[in-house]
Amino acid sequence: MKKILSILTVLSVSTPLAIQAVSCSNELDLNNPYLVGKNIDKSQAKDSSGKYQFGVSNFYVIGDSLSDQDGLSGLINNKLSTSILKINLQLGGDGYGYDENGVHHSNFSNGPTASVQVSKALGLETFNASNQFVGIKEEYGKNYSVGGATAAQVSGISSILLNDVTVDKQTKTLISQQIIHEKDIVFFEIGGNDLMSMIDLRNSPSDQLKFMNDSLKRLRIALLNLLNNDVKNIIFMTPPIMSFVPRYANKTGDELKAITNVSSEYYENVLKLLNEINPYYNDSIHLYDLYKDTLGEKGETNLEKRWLDTFSDSSLKEKAKSNLRVAYTDESKMDFEVKLNDKPIDISEIIEELKTKPFDEVVNTIIEFLKNNLQAENILDVKIKTIKAQEHDDLNSFFFTDFVHPTKGVHELVSKDILNIIEEISKTWKN
């Protein structure tokens, strides 16, 4: 993910500078809780509601790569494309993305994410990605999640991209684009990337605490943006305990303790926040506790057991069991295919420069290249492909496609959980 974000951030800085395009975003108002989100401009909102399964009138998603489908690629395309340069980003390879009805969808799994599967089960005809840079009403989507997104603002080069899509800004965009109805459902999941950032800060307690506080503050704003604008049904999914994912599964001793401690602390603070807000809004937030579903240092967690039970063949089940908490793809390997006006560009040198040279020098290299090669109309195609570890074969026998993202079979289990919650919510509605 870091390598992907590094390359995309280089593009996000270099491209607008090369063609002198500028974009900006507004800071959020932190007034009285009941007023948060009340000043969001809804003049361009559209009514995309319908009559769907369980009586649902619409389904929206706020989140990160666990729900992203064409979100990160759409952000790049919408934010950076101009009248003279169109950018097409595609995620694929051995563990990312899938094709459906002749269309490639970029995401961080090998099939539809849970939220996409829910949208199909509810009967939504379309479930496209959307963000603040989509300016045409007809192109508004219902999935506001973006791979890499956080609640807190991040630092470093990836902030150039990701601070545009923190959850407070995702919810602000949703409210500005969509007319809300009483039986609309918002699925809200976030926190995995926040936790990984906090784990990286484990040797700097003050910075870790500052990051956590910012995450909780913006999470609160995001929820209030929805609740103060008539959203009545939010399904909030907590992040898993991070010792459960391949990136940290083999950690031991003090390092493991630090990972589990920050996961637990963040989880408890999120629950405290939800419990603080919920009574004032008629208990409109419904908890999907993924943290508890993935809790357990030894043996399989509840979610893992449920996934293993989907294998009827005992030999396949044993194979799947041996692959728990193992990444199917090799995080150190990735293929980047870049073309400008259908002419291949070798970016291996740029990737190496990112490891050794200051960021601004790498950006300047890209700017000069674009200035010297841009024509009246241009198309920049970027394909990012993951590569499986050499010893791995059957992706369906893996719980994780990479260091943190689950495979489509796991997403299917989660989608069923979400649908069950939606059905229970619908029973409280008056006809």
Can you compute the helix-only [θ] at 222 nm over the chain? Use -39500 (n - 2.57) per DSSP H run of at least 4 residues, normalise by all residues, nearest 500 deg cm²/dmol. -12500 deg cm²/dmol
Taking N as its residue count, the alpha carbon Rg of the range 73-231 over 2.2 N^0.38 Å: 1.10
Taking R0 as 30 Å, what FRET efficiency do you get between S155 and Y280 from their Cβ-Cβ distance, rounded to the nearest 0.05? 0.35
For N88, other-chain or 5+-apart residues with amide H closer than 5 Å (H placed, Pro excluded) are L380, D381, V382
Square roots of 5 times each gyration tensor eigenvalue, C-alpha, the range 111-169, largest first, Å: 25, 15, 8
Taking the inverse of the average 1/r across all pairs of different Cα atoms in the range 68-117, what Kirkwood radius in Å do you get? 11.5 Å
If you rank Y34, Y60 by fewest surrounding Cβ atoms within 10 Å, what's the result? Y34, Y60
Counting only C-alpha contacts under 8 Å and six or more residues apart, can you give the relative contact order of the range 62-190 as a whole percent? 33 percent
Read phi for every residue in the range 161-166 and hand back ³J(HN,Hα) as whole Hz from Karplus 6.51 cos²θ - 1.76 cosθ + 1.60, θ = phi - 60°, with x for Gly and Pro. 8, 6, 6, 7, 10, 4
Counted neighbours (other Cβ, 10 Å), sorted fewest up, put T238, T428, T82 in the order T428, T82, T238
The answer for the net charge of residues other than R202 whose Cβ lies under 15 angstrom from its Cβ, with Lys and Arg +1 and Asp and Glu -1, is -2
Relative contact order for the range 62-135, counting Cα pairs under 8 Å that sit 6 or more residues apart, in percent: 37 percent
Strictly greater than 26 Å: what percent of every Cα pair in the chain meets that? 56 percent
Within 10 Å of each residue's Cβ, count the other Cβ atoms and sort E268, E337 from fewest upward. E268, E337
Farthest positive-ward along the chain dipole, Cα basis, beta-carbon charges - from L295, L256, I384: L295
Report the relative contact order of the chain, percent, no decimals, based on alpha-carbon pairs under 8 angstrom and at least 6 residues apart. 22 percent
Principal axes of the range 379-425: Cα extent on each, largest first, Å: 43, 37, 15
Can you tell me what the convex hull of the Cα atoms of the range 163-252 projects to on average, as an area in nm²? 6.8 nm²
What helices does the chain hold that run 27 Å or longer along their axis, going by alpha-carbon atoms, with a Kyte-Doolittle average of -0.5 or more, using DSSP H for the helix calls? 205-227, 253-277
Based on Cβ point charges of +1 for Lys and Arg and -1 for Asp and Glu, what charge dipole magnitude is obtained for the chain about its Cα centre, in debye rounded to the nearest 20? 700 debye
Net +/- balance of residues flanking P344 in space, Cβ distance below 15 Å, scoring K and R +1, D and E -1: -2
Calculate the length of the line joining the C-alpha centroid of the range 89-155 to that of the range 284-337, in whole Å. 22 Å
Any residue on another chain or 5+ positions along whose placed amide H is under 5 Å from the amide H of I241 is listed here as T294
Name the residue from G92, V338, F369 whose Cα lies farthest towards the positive end of the charge dipole of the chain, charges +1 on Cβ of Lys and Arg and -1 on Cβ of Asp and Glu. G92
Would you work out if the range 212-327 is rounded, prolate or oblate? Take a ≥ b ≥ c from the square roots of the eigenvalues of the alpha-carbon gyration tensor; rounded if a/c is under 1.5, else prolate when a/b is larger than b/c, oblate otherwise. oblate
Taking the Cβ of G147 as the centre, find all other residues whose Cβ is under 9 Å away and add up their charges (Lys, Arg: +1; Asp, Glu: -1). -2
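Each reported figure results from applying straightforward, stated rules to the coordinates on display, with no laboratory input. Because the structure is a prediction, the values reported are computed rather than measured. Reconstructed Cβ throughout: ideal geometry from the backbone, glycine too, with neighbour counts over all protein chains shown.
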